[in-house]
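Note sheet for the following structure.
Readers should treat all values here as calculations from the given coordinates under stated rules, not as data from a laboratory. Bear in mind that the values here come from a model prediction, so they are computed numbers and not experimental data. Quick reminder, even Gly has a Cβ in these numbers, built from the backbone with ideal geometry, and neighbours come from all protein chains shown.
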Amino acid sequence: AMPEINKAELLDGVVYMPSPVSVEHADHQFDLIGWLALYRMATPGVVGGDNGSIRLDLATEPQPDVHLRILADYGGQTDESADHFVEGSPELVAEVAVSNIPIDLRVKLPLYQRNGVREYILWRVPDEAIDWFVLRGDHYERLPLSPDGIYQSEVYPGLWLAPLALIRGNLVVCQQVAFQGLASPEHANFVRRLREHFDAHNP
């Protein structure tokens with residue numbers, strides 16, 4: 001209804017207009033996208049998006065900082081509309097929060113949970129913390145860290161994150177851990193399942 005606006009989010013029937021994006025937010029978002037892009041490049045049928053509008057339901061159309069989704073032909077839970085928007089819930093959504101932590105935790109988290117976003121990553125920049133939530137049943141639980149301090153996705157096998165390295169800007173370590181995940185048997189099995197699903201539905 002307001003085509004002159006560059007960014008506005010419809011969240012449970014309420015329109016939110018974010019403030020201008022600071023360097024602090026943009027720099028951290030760039031690093032987050034770089035980490036997820038490594039996984040996307042190594043995993044067929046998985047695509048990502050940056051600030052794309054997502055139609056979750058009639059009253060909710062967020063524009064998350066980053067999302068990762070499995071294409072429908074590979075067994076994913078989203079579609080692309082005739083006017084080229086994502087419809088349905090991406091398997092993973094990530095937000096970088098600098099000044100809007102309350103919105104991301106109290107407004108977006110329950111909406112993503114209600115609509116079946118299977119994993120939600122929230123990088124709380126001022127708190128120097130990264131929360132990773134996984135949908136179990138109808139509610140989010142925190143994904144536990146491995147004994148060596150690594151997040152290992154349950155939805156995307158082989159998607160591994162060293163949160164402290166990412167927070168501190170140690171991207172060499174972050175990359176090394178990401179490559180370890182991509183070299184894991186779990187990732188190889190996931191790639192095989194994705195390809196099998198595609199072949200079965202595209203004879």
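Computed per residue of the chain from DSSP H runs no shorter than four, each worth -39500 (n - 2.57), the mean residue ellipticity at 222 nm is -9000 deg cm²/dmol.
Using the alpha carbons alone, the radius of gyration of the chain stands to its Kirkwood radius in an Rg to Rh ratio of 0.95.
Over all directions, the projected convex hull of the C-alpha atoms in region 53-106 averages 4.2 nm² in area.
Between the DSSP loop rule and a limit of at most 12 other Cβ atoms within 10 Å, which GluC sites (Glu not before Pro) in region 31-139 are left?
Listed in order of number, the matching sites are Glu128.
Summing charges over all other residues whose Cβ lies under 13 Å from the Cβ of Ile33, with Lys and Arg as +1 and Asp and Glu as -1, gives -4.
With R₀ fixed at 22 Å, the C-beta to C-beta distance from Asn100 to Val172 puts the FRET efficiency at about 0.15.
Around the Cα centre of the chain, unit charges on the Cβ atoms of Lys, Arg, Asp and Glu (plus for the first two, minus for the last two) sum to a dipole of about 380 debye. Per-residue extension of 0.36 nm, minus the Cα-Cα distance of Val23 and Glu154, leaves a gain of 44.0 nm for this segment. Here, region 80-170 has an Rg and a Dmax of 13.9, 46 Å when only alpha carbons are counted.
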